[in-house]
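Below is one structure; the comments refer to it alone.
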Amino acid sequence: MHKYRLMINPYAIEKWVNDMACKGWHLKKFTWIRFTFERGESGSYIYRHDELERFGTHYEEDYLEFLKSSGIEQVDRSGNFVFFRKAAQEGPFELYTDKKTKLGTLSKKMTVLLSLILLNLLIGITGLTGDFSERTMDWVGFTMNMLNLIVVVLFSFPLIKLIRVRNRLKRELNVFSD
Amino acid sequence: MTQEHPPLTEGVYYILLALYEVRHGYGIMQLVEELSNGRVRLGAGTIYGAIKTLLERGWIEALDEDGRKKEYIITETGKSVVDYEILRLRELFDNGIRITRGVE
């Protein structure tokens with residue numbers, strides 16, 4: 001079965017993949033938007049998403065080998081996005097259990113999202129200002145600029161969610177170390 | 001007692017303790033869970049990140065690869081960090097008992 005989702009907020013996608021696994025649909029392959037599931041036993045695996053830091057380096061091979069030796073199975077990889085899984089009967093499975101790493105990862109994602117939002121906002125507003133100042137309306141340009149603004153709105157929701165998660169983690173770090 | 005090092009995280013403290021004997025990543029994970037009676041379960045990504053940092057600081061070292069699994073052991077510097085941490089934890093413990101139980 002194929003499903004299509006835009007992977008903007010990887011945490012939401014991870015939750016969705018695990019919800020699918022609970023319904024008996026296990027992730028087999030994925031790209032940025034296309035996710036392929038196959039039928040299996042409900043809830044037999046826990047899935048985790050990870051984003052490799054440095055693409056194609058020795059570190060990466062070492063890390064993947066380390067996870068493999070820890071009994072973690074790599075499901076599929078698309079660019080530097082990877083999905084792993086572990087049998088649910090082996091107990092809870094998390095890749096990162098420390099808040100500092102989680103905060104670092106969140107900050108990187110937020111920077112990427114914010115850059116995309118600002119870039120699209122700038123292009124959209126500059127373009128629309130130009131469109132309206134012309135005597136004849138450039139409908140192609142207008143549509144493109146509106147798309148820029150739609151991207152701004154689409155990316156703003158996951159950004160707000162990530163900010164909330166980061167703030168919660170920060171508040172916890174004020175009292176608890178890990 | 002002067003502050004030689006900032007407090008270690010629970011995870012790093014347990015990883016250093018686990019490496020008083022030669023272990024690979026999965027071995028560390030299992031021992032930490034066992035020592036803490038299942039309370040502390042370190043994620044593989046977290047352990048890997050900590051190992052990288054501890055290697056850079058010279059608190060642990062990697063041994064020649066045995067097959068495919070990399071093994072690690074604590075260094076003398078790492079042991080002195082653990083000794084300091086134990087003193088710090090003892091101070092916390094002693095003060096906690098003294099104040100909450102009224103023990104002088």
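Results, tabulated for the structure shown:
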{"read-out": "Filtered residues of the range A:1-52 (kept if open to solvent by 20 Å² or more (accessible area, probe 1.4 Å), under 18 Å from residue A:79 (Cβ atoms) and of a type in the set (D, E, K, R))", "value": "A:5, A:14, A:28, A:29, A:34, A:48, A:51"}
{"read-out": "The range A:60-80: number of residues that are in contact with a strand residue (DSSP E or B) (Cβ under 6 Å, 6 or more places away or on another chain), open to solvent by less than 40 Å² (accessible area, probe 1.4 Å) and either in a helix (DSSP H, G or I) or more than 8 Å from chain B (Cβ to nearest Cβ) (or both)", "value": "4"}
{"read-out": "Single unsatisfied condition, residue B:42 versus (1) modelled with pLDDT of 90 or more; (2) more than 10 Å from chain A (Cβ to nearest Cβ); (3) open to solvent by less than 60 Å² (accessible area, probe 1.4 Å)", "value": "(2)"}
{"read-out": "Which numbered condition residue B:85 misses (of (1) open to solvent by less than 60 Å² (accessible area, probe 1.4 Å); (2) modelled with pLDDT under 90; (3) acidic (Asp, Glu))", "value": "(2)"}
{"read-out": "Residues of the range B:11-34 satisfying the condition of being open to solvent by 80 Å² or more (accessible area, probe 1.4 Å) and either within 14 Å of chain A (Cβ to nearest Cβ) or more than 14 Å from residue B:79 (Cα to Cα) (or both)", "value": "B:30, B:34"}
{"read-out": "Residues located in the range A:136-176, provided they are hydroxyl-bearing (Ser, Thr, Tyr) and open to solvent by 70 Å² or more (accessible area, probe 1.4 Å)", "value": "A:136, A:143"}
{"read-out": "Residue satisfying condition, being within 27 Å of residue A:64 (Cα to Cα) and either open to solvent by 30 Å² or more (accessible area, probe 1.4 Å) or within 11 Å of chain A (Cβ to nearest Cβ) (or both), within set B:47, B:74", "value": "B:47"}
{"read-out": "Odd one out for residue A:115, checked against (1) in contact with a Ser or Thr (Cβ under 9 Å, 6 or more places away or on another chain); (2) modelled with pLDDT of 85 or more", "value": "(1)"}
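The values are calculated or read from the model by the stated rules, or taken from the named source; none is laboratory data. Everything numeric here is computed off the predicted structure, so don't read it as measured data. Glycine also receives a Cβ, built like all others from the backbone with ideal geometry; neighbour counts cover every protein chain displayed. Heavy atoms of the whole protein, side chains included, go into the accessibility calculation; ligands, DNA and RNA do not. Shrake-Rupley method; radii C 1.70, N 1.55, O 1.52, S 1.80 Å.
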